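First up is the structure itself, then whatever we jot down about it.
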Amino acid sequence: MENVYDVLKERGFLAQETHEEIRDILGKEKVTFYIGFDATADSLTAGHFLTVMAMMHMQKHGHRPIVLLGGGTTMIGDPSGRTDMRNMLTAETIQRNADRFREQLSRFITFDNDRAIIDNNANWLMDLGYIDFIREVGVHFSVNKMLTAECYRQRMEKGLTFFEFNYMLMQAYDFLVLNRKYGCSLEMGGNDQWSNILAGADLIRRKEQKPAFGLTLTLLTTSDGKKMGKTQKGAVWLDPDKTSPYDFYQYWRNTEDSKVEECLGLLTFLPMEEVRRLGALEGAKINEAKEVLAYEITRIVHGEEEAKKAQEGARALFAGAGESSNIPTYSYDKARLEDGIDLITVLVDTGMCSSRGDARRTIQQGGVSVNDTKISDIDHVISAADEKEQSGILIRKGKKSFYRIMGK
């Protein structure tokens, strides 16, 4: 069978590795590896999806994933990539979030017949004796070396709490526990986790005198270096109740031209010949590649039926083709719509604008139209009189954001 290392490398996943022999090991052995997910929200995001895709490739090639839910580490919060301390969540909230992660990840990873494992580090971290922990783990960590780690260095200006300083030790201890419990020898994660992953592999080698490895994955960013998966409304969620399949589709349909080939390689299972063909398209033809990208990602996350609906809805708006009933819809009580609703409220309710101030500015700048008529009056009111038979009232923000308003 093809070596998964080569697959991940060709598709653009690999960033850094702790040891050169990782490729040989992945080609010769069935490796138990883990990726951790701190339960900081009640849904996985588009940012997590790249990591999930890497895990799916690994499992497809015979390796055994451990999904580690961070019920314990979320109580602290990872300082990596942060300029301030994360909000502390209650144990109850963290448990609810972890349960949702478990449910979502089960759609992508096969757990039957011991093909994958799911565990929660709350099982060993929450009852850990502090003195015992410091004696077993802390003695192996140099404070001077820890302070050179990127995840801590970028926090030094604003101040790094001792509370967060523990995080690296906890993540390293997770790797040690999983090594002892399941024979886990490889940790994978985003490239911002490099320092934490190094710490875990080193701890196992010191404590157990066993080989342990780390592999980091590229971070998906925009051309100006910002993490992909954010919109004006906030994160792009995998939960359809938080980001509708249509909005999810539209996010990827609007990918920058320069990022299309990279996203096709990382976020779809299309053969690389097809990825390269689509990525080489130029001018207006690149829209074909963007449509394939959006459809494929939406199909993996939300299923083929929802992907088709999203594609049809987008085509109905962009190309005047397709099924208009698949355009995202927001409904108001009929009586309220009869009385009229100000456009600013509609823009905020649908999420097309983040606040009333944002809606006001967007209207004043000529960025909003109602039934294809540009609106510049911030006091504009829509009502049932604007409805076009069964097609509702079409509100458009810019060229890429649409909602159909209906009475119910």
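If you go through segment 34-53, how many residues are over 13 Å from Val67 (Cα atoms) and of a type in the set (Phe, Trp, Tyr)?
Going through segment 34-53 one residue at a time, the tally reaches 1.
I'd like to check something: does segment 46-67 contain any residue that is under 20 Å from the mean Cα position of the chain (by Cα) and over 24 Å from Glu262 (Cβ atoms)?
Checked segment 46-67: at least one residue is under 20 Å from the mean Cα position of the chain (by Cα) and over 24 Å from Glu262 (Cβ atoms).
Got a sec? Which helices (runs of 4 or more DSSP H) wholly within segment 83-148 have at least 3 residues that are within 20 Å of Met168 (Cβ to Cβ)? Walk me through how you get there before you give the answer.
Details: elements: 91-105, 122-125, 130-136, 143-146.
The qualifying helices (runs of 4 or more DSSP H) are 122-125, 130-136, 143-146.
Residues Glu274, Glu291, Glu296, Glu306: which one is in a helix (DSSP H, G or I), touching a Pro at 6+ places or on another chain (Cβ under 8 Å) and either within 20 Å of Gly12 (Cα to Cα) or in contact (Cβ under 8 Å) with a residue 12 or more places away in the chain (or both)?
Criteria check complete, one pass: Glu306.
What tally of residues in segment 174-198 results from selecting those that are within 16 Å of Ala149 (Cβ to Cβ) and among the hydroxyl-bearing types (Ser, Thr, Tyr)?
1
Considering (1) modelled with pLDDT under 85; (2) outside any loop (DSSP other than H, G, I, E, B); (3) farther than 14 Å from Phe402 by Cα; (4) in contact with a helix residue (DSSP H, G or I) (Cβ under 9 Å, 6 or more places away or on another chain), say which one Ser325 fails and leave the rest.
(3)
With respect to Val137, determine if the residue is in contact with a helix residue (DSSP H, G or I) (Cβ under 9 Å, 6 or more places away or on another chain), modelled with pLDDT of 80 or more, crowded, with 18+ Cβ neighbours inside 10 Å and more than 17 Å from Gly36 (Cα to Cα).
Yes: the conditions hold for Val137.
Is it fair to say Leu264 is over 22 Å from Ser401 (Cβ atoms), at pLDDT 95 or above and buried (at least 21 other Cβ atoms within 10 Å of the Cβ)?
When the stated conditions are applied, Leu264 passes them.
Within segment 37-45, is even one residue buried (at least 18 other Cβ atoms within 10 Å of the Cβ) and either charged (D, E, K, R) or without any contact (Cβ under 8 Å) to a residue 12 or more places away in the chain (or both)?
There is at least one residue in segment 37-45 that is buried (at least 18 other Cβ atoms within 10 Å of the Cβ) and either charged (D, E, K, R) or without any contact (Cβ under 8 Å) to a residue 12 or more places away in the chain (or both).
Can you find even one residue in segment 52-61 that is outside any helix (DSSP H, G or I) and among the β-branched types (Val, Ile, Thr)? Spell out how you get there, then give the answer.
Step one: of segment 52-61, the residues outside any helix (DSSP H, G or I) are 61.
Those left that are additionally among the β-branched types (Val, Ile, Thr): none.
No, there is no match, as no residue in segment 52-61 is outside any helix (DSSP H, G or I) and among the β-branched types (Val, Ile, Thr).
In segment 15-36, which residue that is of a type in the set (A, V, I, L, M) and within 27 Å of Thr74 (Cβ to Cβ) is surrounded by the fewest Cβ atoms within 10 Å (Cβ to Cβ)?
Ala15
The values are calculated or read from the model by the stated rules, or taken from the named source; none is laboratory data. Just so we're clear, the structure is a prediction, and the values are computed from it rather than from any experiment. When we count neighbours, we look across all protein chains shown, and the Cβ atoms used for this are built from the backbone with ideal geometry, even at glycine.
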